[in-house]
Amino acid sequence: MGTTASQLAKDSLSEYQELTFLTKQEILLAHRRFTELLERDERKNLNSRVPMEIIHTLPELKSNPFKTRICQVFSTSEDRDGSLTFEDFLDLLSAFSDSATLEIKSHYAFRIFDFDDDGTLDERDLEKLVNCLTGETEDTRLNDEEMKQLINNILDESDIDKDGTVNLSEFQHVISRSPDFVSSFKIVL
Amino acid sequence: MPGDTLITSENDTDIDLDFAGDGDFQENHEREKHKGKRRNGDGQKNKRENQRRKRSSKSVQGIREESQSKTERGERGRRRRGKDEHETSGHEGNEGKRDPTRAKTTKSKKNIKNEKTRKLEGKEDREGQEKGEKGKLKLVCAKNEEKIESGDQLKEKEKALGMKKKKKSKKVVETSSEPETSGEGDDEEEEVNNDGEVRPELLSPEELEKLKEAVEEKKKLIQSLRGKPWPMRQKLVTLRESQLFVEKYEGALGKGKGRKLYAYKVMMTKKWMKFQRDFENFKTACIPWEMKIKEIESHFGSSVASYFIFLRWMYGINMILFGLTFGLVMVPEALMGRPYGSIPRKTVPRAEEAGAMDFAVLWDFGGYAQYSVLFYGYYNNQRAIGWFKFRMPLSYFLVGVGTVAYSYMVVIRTMARNANESGIGDDNSFNFSWKMFTSWDYLIGNPETADNKFASITTSFKEAILEEQESRKDDNIHLTRFLRVLANFLVLCCLAGSGYLIYFVVRRSQKFALDGLENHTWWERNEVNMVMSLLGMFCPMLFDVISTLENYHPRVALQWQLGRIFALFLGNLYTFIIALMDAINLKRKEEKVVKFNITMWEASLYNGTGSENSTAPPITIHPADVPRGPCWETMVGQEFVRLIISDTMTTYITLLIGDFLRAVLVRFLNHCWCWDLEAGFPSYSEFDVSGNVLGLIFNQGMIWMGAFYAPCLPALNLLRLHVSMYLQCWAVMCCNVPQERVFKASGSNNFYMAMLLVILFLSTLPAIYTIVTIPPSFDCGPFSGKNRMFDVIQETLESDFPAWFSKVFSYASNPGLVLPFILLMVLAIYYLQSTSKSYKEANVELKKKLQTQNEENKKKNKQAALKAQTDLEEARKSASQAAEHQRDTDASGQRREDDEEIYNKNQRMYHGRNPSPSVGDREPHFPVRGPGPRNCHNGNQGNSRYLPGFHQQSEPRVYRVPSLERH
């Protein structure tokens, strides 16, 4: 679609640059990729939503075990169906971009891992997280005992105030000392 | 109940609300609720306040404000809506849609503000009396602001940042100093109405100062906006409003002349910002191969990509080295030096002339290639060349030194940066959590890689659990030990064997060289390089096989493997250098003979001609016929160039055969083979990150070593890296499969850098040794005729600088000065080291302190949590009772109650969250609904347990505060 570039007005482009960690090229690329996902008649409208299932067809997200959570976290949809507008999509890319700060990355990571959206990572969240990380197949799954041990260990380490859950500040404390997090918490188009 | 506690609790509520909501208009329903409650509370509070301070006009004022705002609300909302539409239609067509909701937000905001003002005033009675008058209100507000700043700073700041305060009562707005200090932009119609009053003439210097501060704060907000975890829409709104605010008030700053200047300055900063952003964009657009690397990154994860990033980094360094040698050595000599054929060192000797243009000779960098700017020998020792007296020998020497110095600088700087990034991550206290929270590589976009990653994460979990349980049984420790010793023995044998082989081959090749290379086959001529390349290719495979004996953990095994390959390469390189040293000594002996012969030859020449003419006219002998020395420097350069070429060739050929051909065979023979080739034995190859990085590092080491004697080396390397980039990118994408064991990239980054540093040191060592100890050849190169190469510095100092300079230099290089200086440096190093040690100790102490604190907190927390739980239960009970009353009238009441419960929890954590049930269905009910349940709350529980929901959270908040501050 030849008009993609002109669809993003100069003003909003510079505003997006101001508000995200993305460069101009990245924003334009994101816009192009995003409009490709939209129906033809919706492309004119900046506010049209792309359903989560279609977002998941992006190769960058396809094999990510957290793709559902990512969409839900970044979605501003009122029905909580994980559908994304272009701005949500930019938010996503910004948080996952190269230059985003550790703070914002860890904030979103926490929300992604917080499966029930209750503001803390409790045992159920951690269990789901482990299951996401070990994949769907039976042979890679951990058995119950291992799972329990693992979760206990994690809570031992991270749960500083010992309330049985990991909250955001504890999470950020742990994450901020990890050497790999910033380099691996990245999605690029 | 004392009013103050009530007020504080109310205060907290407000702040929390704003804080959590952060102006997210999708949460309007929440706010509406609170507003309802608040209004309700307002009424009560007002009454109470009245009772408490009967003559306080403040509460009257408050009520007036309240009523005023109530009456005006509808109308204002409408006006505002219109205005919003007017304002934003330029930006975005759809904005109008959310204006109604926004207007509501505004209303609630105003409410909050009113109340806050009142509340604060309530705290200071003395200010209350002068409320009515505008001028004084200004003061009040200013003071209030200070109070806010001092009292509740952090939260308040947060709030001020997050809040998009559109409206306060007109009086407050008119004071114009108030909104700025709080950093809340009143940028809507009030501003327009009262625009006249924001004139700089009317403002006192302090107010101006405050205004300035506010503007600065806004600017800061704009800059920090991208780091906030808010939805885009909210950020957009904040941005626009802050920008409007800044634009509005920036003009008001400064008076008369100063004003113009200020405006100019502001304009320039704006332009500068824009320029910076464009430049940033330009810079990222200039980074080569970004897309290629990202593509690989998304297929193979970050570790494979890290190799290519390393390659690109190497390319950058070589680019600079190439620029140095090319711009300061090769080009000047080629353009301004004497042309080819003018003097013997620049001419192909007669004996070689016949085959000088043959491809085989050129491929070996003999013939015309040898007698060109590519090699040391071609350069003339003329002190200054060209019309602007370019000091060629000096430049040559300084470029050689500069190359090494620059490389050191870059490598060390990168290492320091890497250490900064990963230095904190060396403690093992979060082993499991890191595995859990950071082990997924979000870049992985290839299902196969993802599967491998799943498997590797699972194994790492299992291994970690096993280690933790310490139930690992070493079934036969003696056997493993024996096998490990055996493996190391075998590896040592391999290393020694390869070293001897290289030494042997180099010595043999010298014999061949003495015989004359033409008499030997291609293999005999290229034996050294081929043997070195083949060793480099096959020994790692051998090591790999041997390492299976050892039964190490894969990570440890990888390190061993890397160490062995490193030792192999290093050994090979150093054997090569030692052999080369032998060759140099041979050449120098030869040189002596030649030198003697030449004097004889010259003498005979002069004698022959001298008999005819005593004035000795210049005898015209073609430079090709002049006998000349062997020029060991060019020989060294040639050796290195050949080494690089053959190394490159082997790499490419291995790539083509080992990867591409294998992939093709596996793919196409799979149909007609007796076993499954893809899954079975040959399968596809993996990309060997560590091996490739090591290859790159050693290649670079050879460049550093040889660059002094062959200025063309950086150029060649640049070419090689360029081709590698494309070739390897292509090979990875088309014929490699993702690694089975996916290692993290970042952990090994500095490991590679350290290796690079070691190699750099080891490769500059022989180069410096030769430069310092061996006298240069007498008839070739820029330093011919000098005793040592570095004499060129001395020469320059003596002839090009004033006398005092060389005097100063000689004083400075006096041992009496140099030794104290070195001593000083040693002392400084010692001092820094000891301070870093003490810092480390302090760190450990702090960690201990933190741990004990945590223990204490844990106890406290448990108590608090228990208490909170009981409170919560009571609250729930009463709430459900209250809700039962209401249920028959409206079913949604209960829902909202629950929502709020969740919301209250959530707001501790997520400041930008939006648990967003639809707004639309709530709003029509609001006037009826809002106050209803709240009344019950108050009625049922009385003052002591006012809003238990908030009480419940007030205690845990003691510990939550740090998390709030972070944002």
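Just so you know, all these numbers are worked out from the coordinates, no wet-lab data involved. Because the structure is a prediction, the values reported are computed rather than measured. When we count neighbours, we look across all protein chains shown, and the Cβ atoms used for this are built from the backbone with ideal geometry, even at glycine.
Worth pointing out:
- Once backbone amide H atoms are built at 1.01 Å from N, residue A:121 has A:166, A:167 as its partners under 5 Å, excluding neighbours fewer than 5 places away on the same chain.
- Counted residue by residue at 0.36 nm each, then reduced by the alpha carbon distance between them, the extension gain from residue B:821 to residue B:504 reaches 109.6 nm.
- Segment residue B:596-residue B:515, length gained on full extension (0.36 nm per residue, minus Cα span): 27.0 nm
- One Cα centroid belongs to segment B:278-343, the other to segment B:845-889; the line between them spans 60 Å.
- Model label points for residue B:281 and residue B:338, set 7 angstrom from Cα along the Cα-to-Cβ axis, are 5.6 nm apart.
- Other residues lying with their Cβ under 13 Å from the Cβ of residue B:834 contribute a combined charge of +1, Lys and Arg counting +1, Asp and Glu -1.
- Dipole size of segment B:723-865 about its Cα centre, with +1 on Lys/Arg Cβ and -1 on Asp/Glu Cβ: approximately 1320 debye, rounded to the nearest 20.
- Distance between the C-alpha centres of segment B:701-717 and segment B:770-790: 19 Å, rounded to the whole angstrom.
- Rounded to whole numbers, the Karplus 3J(HN,Hα) couplings from phi for segment B:586-599 are 4, 4, 5, 4, 4, 4, 4, 4, 5, 4, 4, 4, 5, 4 Hz, using 6.51 cos²θ - 1.76 cosθ + 1.60 with θ = phi - 60°, and x at Gly and Pro.
- Evaluating 6.51 cos²θ - 1.76 cosθ + 1.60 at θ = phi - 60° for every residue in segment B:661-670, the Karplus couplings come out as 4, 4, 5, 5, 4, 4, 5, 8, 7, 4 Hz, glycine and proline recorded as x.
- Which of B:773, B:864, B:825, positive extreme of dipole for segment B:751-888 (C-beta unit charges): B:864
- Cross-linked pairs B:210/B:270; A:24/B:220; A:105/B:220; A:105/B:848; A:62/A:162: Cα-Cα separations exceed 32 Å for A:62/A:162.
- Legend: calculated FRET efficiency, residue B:479 to residue B:213, from the Cβ-Cβ distance at R0 = 60 Å, rounded to 0.05, equals 0.20.
- Distance-filtered residues of segment B:649-686 - backbone nitrogen under 20 Å, label point 7 angstrom along residue B:530 Cα→Cβ: B:649-658
- Residues whose amide H lies under 5 Å from that of residue B:390, counting only those 5 or more places away or on a different chain, are B:385; hydrogens are built 1.01 Å from N in the peptide plane.
- Calculated FRET value between residue B:548 and residue B:865, using beta carbons and R₀ = 56 Å, to 0.05: 0.55
- Using θ = phi - 60° in the Karplus curve 6.51 cos²θ - 1.76 cosθ + 1.60, the 3J(HN,Hα) couplings for segment B:690-695 round to 5, x, 5, 4, 4, x Hz; x is entered for Gly and Pro.
- Between residue A:50 and A:84, A:85, the built amide H atoms are under 5 Å apart, and every one of these is 5 or more places off in sequence or on another chain.
- Residues residue B:661 and residue B:768, FRET efficiency given R0 of 45 Å [Cβ-Cβ distance, rounded to 0.05]: 0.55
- 29 Å Cα-Cα threshold exceeded, pairs from A:186/B:265; B:294/B:837; A:128/B:228; A:128/B:847; B:228/B:260: A:186/B:265; B:294/B:837; A:128/B:847; B:228/B:260
- Modelled spin labels at residue B:836 and residue B:603, positioned 7 Å past Cα toward Cβ, are 6.3 nm from each other.
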